[in-house]
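Below is one structure; the comments refer to it alone.
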Amino acid sequence: MDPQITKKYNYWQWQTLIILMIGYLLFYFVRKNFSLVMPALESELGLSKVQLGIFLTINGIVYGISRFVNGFVADRFSRKALMAFGLTLSAVVNILIGLSPQLNGALPLLDGEGKATLGFVWFVGGLLIVNGYMQGMGYPPCASLMANWFKPSELATKQSIWNSSHSIGAGLVALLCGFILQRYTYSAWQWCFFVPAILSVFGALLIFFGLADAPESVGLPSPEEMDGKKPVARHEKKSYQKLISRMVFRNPVIWVLAATNFCVYVIRFTILDWGTTFMTQYKGMDIAAASSVVAASELFGGIAGTLVAGWATDKFFKSKAHQVCLICTLGATLSFFLFWKTPEQMNWLSIVFIVLSSFFVYGPQALLGIAASNQATKHAAATANGLLGIFGYVSPLVSALLFGFLADRFGWDAVFAVAIGFGLLGALVIATIWKVPANGYEKAAKLNGEQK
C-alpha cells in the first residue's frame, strides 16, 4: 500500500474518532443534564419523584424509538448531517427548558408560589419528547461511521475508545452542573441547560465540517482493502431489505444482545439518572459531593471500564465481545450490591463500589453495540444498534418510572433490590450465546452469494 495513502488513512481515522468523541459527549451535555438538575427541580419547583420519573421515562422511550428509526436513516444517508442536525435541535430544546420560568406570563407554568403547575409538566414533557427524538440522531451515525472506518478485528478496541465519550460527557456535565448548583444554589438550575446548549452548537459545526461519511468519500480505500483483503461486497437496493432481515431481525444473536442491553441499561440509568438523588437522600452526601461521585464513576470508572473491556476483547477473547459482556455484567451487579449494603458511615467504601459498578457496566454498554455491529456487518450496523437502542432506552420504564414510584412508596432499598435482579437476568441471557462466532461477515458473504 502506498505510504501516502496509509498516512492519509490514519489521519482520517483519528480525526473521525476524535470528532465523534467530542460530538457524542456533547449529546450527553444536552441530555443527562436534566437528571443532574432533578434535585433542584424537586426543591425549587416542587416536582415529585414520580413526575421526574415520568420525564425520564418519556425521554428514554422516545430516544430508543428514535435510535431505531435513525438506524435505518444512518445506514442509507449522510451520517454527519444527521448527527449535526440532531445535536443542534437538542441545544434549542435545552434553551427552551431553561427559559420556561420566563415563559410563565404567556403560559400557565408556575403557580403564585413559583411552584410547577400541570402546565409546566406538559410543557417540559413535550420538550423532552422532542429532545429524546433528536438525541436518537447521535448514536446510529457514530456506530455506522466506526464500522465504515475500522475493520472488524480492531473495532472493539477503537470503538471502546470512542465509547469513553459517554463517560467523559456524563462526567463533565455532572461536574459542570454540580459546580453551578453548589456555587450559585439550586435557583441557578436554568444555567445547567443554557451552558451545555451553547457548547453543543459549536460541536454540531465541528461534526458537519470535520467528518467524512466513509473512506471512499475522500478518495480512500475501504478498511478491508487497507488490510490487504477483498472489500465486503455492497448489497444492491433490492437485496438490502433481505440483508436487514437476515442479519438483524431474523438473527437470534441480535435479539439476545438487545435483551441483555435492556438489563444492563437498568443498572446504568439507576446510577446515572438517580445517582445524585439517592446519594444525597440515602447515603447522606451533599449535592456537590454526590455530583462529584457521579462524575468520578463516569470519568474514572466508566472510561477505564470501557477501554479495558475493548482491549481485552481484541487481545484475549479474539474479538468475541459478547463473552466479555457476561463477565462485566456480573461484575457490575456484584459491585452495585456491595454499594447498597455498605453502611452510610463508610461512604468512602460506597464511593469505591459505585465507581466499580460503573467500571463494569460500561463494558457491556460499549461492547453490546460493538457485537451488534460485527454480527450485522458494517452495512447494517446502524440498524442493529437501533434495535438495541429500543431495548436499552425502553429500560426507563423500570429505571425511571418504576424506580421513581418505588423510591416514593418503599424507599431506595426496593430500588436497589430490583436493579440487582435485572443485572442477574442480563447475565443469564448473554450467557446463552457464549459460543457464537465473533462476527457475521461469513454469513453475510454467503447471503450475498445466494442473491447473485
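Given the criteria at pLDDT below 90 and crowded, with 24+ Cβ neighbours inside 10 Å, does S292 qualify? Break it down stepwise before answering.
Working: at pLDDT below 90: yes; crowded, with 24+ Cβ neighbours inside 10 Å: no.
So S292 fails the test.
Are there helices (runs of 4 or more DSSP H) fully within region 341-452 with at least 3 residues that are over 20 Å from the mean Cα position of the chain (by Cα)? List them. Give the derivation first.
On the way: elements: 347-376, 381-394, 403-409, 412-431, 441-451.
The helices (runs of 4 or more DSSP H) meeting that bar are 347-376, 403-409, 412-431, 441-451.
Restricted to region 1-30, and to residues there that are outside any helix (DSSP H, G or I) and at pLDDT below 85, the residue that is surrounded by the most Cβ atoms within 10 Å (Cβ to Cβ) is M1.
Specify which of the listed residues (N33, N59) is crowded, with 24+ Cβ neighbours inside 10 Å, touching a Gly at 6+ places or on another chain (Cβ under 7 Å) and either in contact (Cβ under 8 Å) with a residue 60 or more places away in the chain or of a type in the set (D, E) (or both).
Numbers: N33 fails: touching a Gly at 6+ places or on another chain (Cβ under 7 Å).
Step by step, each of N33, N59 is checked, and only N59 is crowded, with 24+ Cβ neighbours inside 10 Å, touching a Gly at 6+ places or on another chain (Cβ under 7 Å) and either in contact (Cβ under 8 Å) with a residue 60 or more places away in the chain or of a type in the set (D, E) (or both).
So in region 81-126, with the set limited to residues that are hydroxyl-bearing (S, T, Y) and outside any loop (DSSP other than H, G, I, E, B), which one is nearest to I19 (Cα to Cα)? Looking at the filtered set, the residue picked out is T88.
Among residues of region 72-84 that are farther than 21 Å from I244 by Cα, those with a beta-carbon under 6 Å from a residue that is part of a helix (DSSP H, G or I) at least six positions away or on a different chain give the pairs K80/I207; K80/F208; M83/P141; M83/I207; A84/A204; A84/I207; A84/F208. Looking across region 393-431 at every residue that is surrounded by 15 or more Cβ atoms within 10 Å (Cβ to Cβ) and farther than 26 Å from I65 by Cα, the one that is modelled with the lowest pLDDT is identified as A407.
How many of the residues making up region 180-199 are farther than 23 Å from W14 by Cβ and touching a residue at least 40 places away in the same chain (Cβ under 8 Å)? Walk me through it before giving the result.
So in region 180-199, the residues farther than 23 Å from W14 by Cβ come out as 180-198.
From what's left, touching a residue at least 40 places away in the same chain (Cβ under 8 Å): 181-182, 186-187, 189-194, 196-198.
Number satisfying all stated conditions: 13.
The values are calculated or read from the model by the stated rules, or taken from the named source; none is laboratory data. Owing to the predicted nature of the structure, the values given are computational and were not obtained by experimental measurement. Cβ atoms come from the backbone with ideal geometry, glycine included; neighbour counts cover every protein chain shown.
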